[in-house]
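Since the structure comes first, as structure tokens, the remarks are kept for the end.
The values are calculated or read from the model by the stated rules, or taken from the named source; none is laboratory data. These numbers were taken from a predicted model, which means no experiment stands behind them. Cβ coordinates were reconstructed from backbone atoms using ideal geometry, including for glycine residues, and neighbour counts include every protein chain displayed. To get the accessible areas, we keep the full protein, side chains included, count just its heavy atoms, and leave off ligands, DNA and RNA. Shrake-Rupley method; radii C 1.70, N 1.55, O 1.52, S 1.80 Å.
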Amino acid sequence: MKVDYNKLGFKAGIEIHQELNTGKLFCDCSSGMGEKELISETSRKLRASAGETGEVDLAAQYEQFRNRKFLYHGYKGEYCLVELDEEPPHAVNNEALMIGLGVAKMFKLNVPETICVMRKTVTDGSAVSGFQRTMLLGYENKDSFLETPEGRVKIVQLNLEEDSSKIEKKEGDAVYYSLSRLGVPLLEIGTDASLKDPKHVRETALAIGTLLRSFNVRRGIGSIRQDVNISIKEGARIEVKGWQDLKKLELLIENEVLRQYNLIEIKKELKKRKTGKFSKKTEDATELFRNSESRMISGIIQSGGSVIALLLPNFSGLLKKELCPEKTFGKELAEYAMAYGTKGMIHTDEDLSKYNLGKEFEELRKLFKAGKNDLIIVMAEKKAIAEKAADAVYERALYSLKGVPEETRIPNHHNATNSYARPLPGANRLYPETDIPNIDVTEELLGSVELPELIPEKINRLAKEYNVSRQLAKEVVDEGIDFEEYVRKYRKVEPGFIARTLIESPKEIKKRYNKEIEIEKHAPGILEKLNRGLITDDAVFEILIGIAEGKSPDYKQYKPLTGKLLEKEVKKILKENKGIPRNAVIGKVMGKLRGKAPGKEIMELVKKFHK
Ligand SMILES: [Zn+2]
């Protein structure tokens, strides 16, 4: 089905987060994230405190309620007292700053006169200090555009900030973080919300990512992440944070559009059912479930937990509705319960016989005086948790009368859907960092910003200078191959041949023989022999096949045959195969001499001497 995104009122913008390869932003630790030698574990608990406005943030309240314990793993060379918030930050990493200013220049952004480091509240434990440092390096003007295949996209903002710690594992109420990523410089580049469809979002992400690779950035999985904000008409602005798979970015967006579309359908259905605003109706159903046959529920009750039941009037059947592949509205609601610490929830749109809970739910129906159109949900956990979960599910269900709640959500990489995770810090979250002096952006500083050769320009130059196809030049650059170094080293080998050997041979070997070859490990030795005239062009591919098959190359076998020697060999084979048709003879000769002389030369000799 072709979706008309324009008609849907699709709007999207993207923020690219790119890690730099410069060492950390405010200390001297490595940004390598090798995580080889674990040398420390530190534990912290978060305390919510009122911000400057006197309000305690919802997100902070949430964490206080969850009362989780955060444990931080420190790896050798990749953390120090700065990450642990026990030493003030050092000055801003100059290389990272200069890269940031270079990127601002590349996108023609305005650079502020003064760069101020700010603190941004984080409450989920991903920063030991409870905040991340960030600084604005560039903001939009009429010229700050990016060219994409579907038109120009406005770049609106550029920030340089600290990356957060990465979760290693969760065990009950404990969350384990690695400190290795905390403080790694991260460039954040944002577009406006004018992207036209999911493909355009991907193209934009790709174009920005390609340009960024002109600078000293980290490569590999997780080193570049995308935050996407998406909305459709009657929907809401949803921000999905931290996507890592560019190839599936379109699917993530398609699924979110579907989710919003179907939430709007649910809103319409509720209207059809004449469902108005309803108040919260819950019952403590612990006693009712105490002797139930569901082991899971009775287990929770035996260990002191409670069962809280919630009535949703007129919701029957809706929780079965699929919002997008692998996600029903029931699953969606359950995420709100789970955010507060339940394992999930059970409701009357499910097959209750699989839990052996048919009887108990019948009782609940009576208790609530529920009609057949009403839906009942139960949540089992420690009482305070189950009650909070019921509150959250009620609030969310109530919102379905309005449609799609505006939220920041987390992606699920395995199926390109997204989920509600937790309340996020609000607008009060930014305040100045007093430990770092402001940086004056002088003419001199701006003048010293040098742009590297940008990747699209480099591709064009290589193609032209070395007479290779643009595609080949692009692949050489994408693979991070120092092509010009090869050309310098193997002067007598035609550059096009070098590029094809590095790019096309591995693909061809994979296709024909289903074997992998580490081309940059083996090519130099072979090209070296070719450069010295010790083997022929044709031998290079033959030798690579041999290596892929696990043989060590016997270069002598590929010694070029020239002049009289070649002629003699050809004549000999022809003599052995007298009376055979020419095509068959060519096969025989090529079979014996392939790789020892240029194919063209052999062919000419066959033509000359075959009678
Ligand atoms: Zn450090």
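Here are some notes:
- Accessible heavy-atom area order of ASP391, ASP537, highest first, probe of 1.4 Å: ASP537, ASP391
- Protein accessible area in the range 278-401, 1.4 Å probe - carbon and sulfur %: 48
- Residue by residue, the range 266-271 carries 3J(HN,Hα) couplings of 5, 4, 5, 5, 5, 5 Hz when phi is fed to the Karplus relation 6.51 cos²θ - 1.76 cosθ + 1.60 (θ = phi - 60°); x denotes Gly or Pro.
- When a 1.4 Å probe is rolled over the protein heavy atoms, the share of accessible surface on the range 563-609 that falls to carbon and sulfur comes to 55 percent.
- Summary value for the range 231-316: 26 percent relative contact order, contacts being C-alpha pairs under 8 angstrom separated by 6+ residues.
- For the range 278-401: rounded, prolate or oblate by the Cα gyration tensor [a/c cutoff 1.5]: rounded
- Other residues within the sphere of radius under 12 Å centred on the Cβ of TYR355, judged by their own Cβ, net out at -1 (K and R +1, D and E -1).
- Residue ranges 202-214, 234-246 sort as 202-214, 234-246 when ordered by packing (mean number of other C-beta atoms within 10 Å per residue, highest first).
- Computed from backbone phi, the HN-Hα couplings of the range 67-80 come to 6, 7, 9, 10, 10, 10, 9, x, 10, 3, x, 10, 7, 8 Hz, rounded to whole numbers (Karplus: 6.51 cos²θ - 1.76 cosθ + 1.60, θ = phi - 60°; Gly and Pro given as x).
- Rel. contact order, % - alpha carbon contacts under 8 angstrom, at least six apart, the chain: 14
- For LEU561, the solvent-accessible surface computed with a 1.4 Å probe is close to 30 Å², ligands and nucleic acids excluded.
- Probe 1.4 Å, all protein chains present, accessible-area order of GLU87, GLU161, largest first: GLU87, GLU161
- For the range 426-556, carbon and sulfur atoms together expose 47% of the accessible surface, with a 1.4 angstrom probe and every protein chain in place.
- Across the range 445-460, the residues whose backbone nitrogen lies under 16 Å from the label position 7 Å along the beta-carbon direction of ARG488 are 453.
- Taking all protein chains as they are arranged and a probe of 1.4 Å, the heavy atoms of GLU86 leave approximately 110 Å² accessible to solvent.
- Charge tally around ALA205: other residues with Cβ under 12 Å, Lys/Arg +1 each, Asp/Glu -1 each, net 0.
- Averaged over its residues, the chain has an accessible area of 50 Å² per residue, based on protein heavy atoms and a 1.4 Å probe.
- Helix-only CD estimate at 222 nm, as mean residue ellipticity for the chain, using -39500 (n - 2.57) per DSSP H run (n ≥ 4): -11500 deg cm²/dmol
- Gyration tensor (alpha-carbon) shape descriptor, the range 1-140, a/c threshold 1.5: oblate
- Ranked by the mean number of other Cβ atoms within 10 Å of their residues, highest first, the peptides 340-346, 89-95 fall in the order 340-346, 89-95.
- Peptides 280-288, 146-154, ordered by how many other C-beta atoms sit within 10 Å of their residues on average, highest first, read 280-288, 146-154.
- Ranking GLU269, GLU443 by solvent-accessible area of protein heavy atoms (1.4 Å probe, all protein chains present), from largest to smallest, gives GLU443, GLU269.
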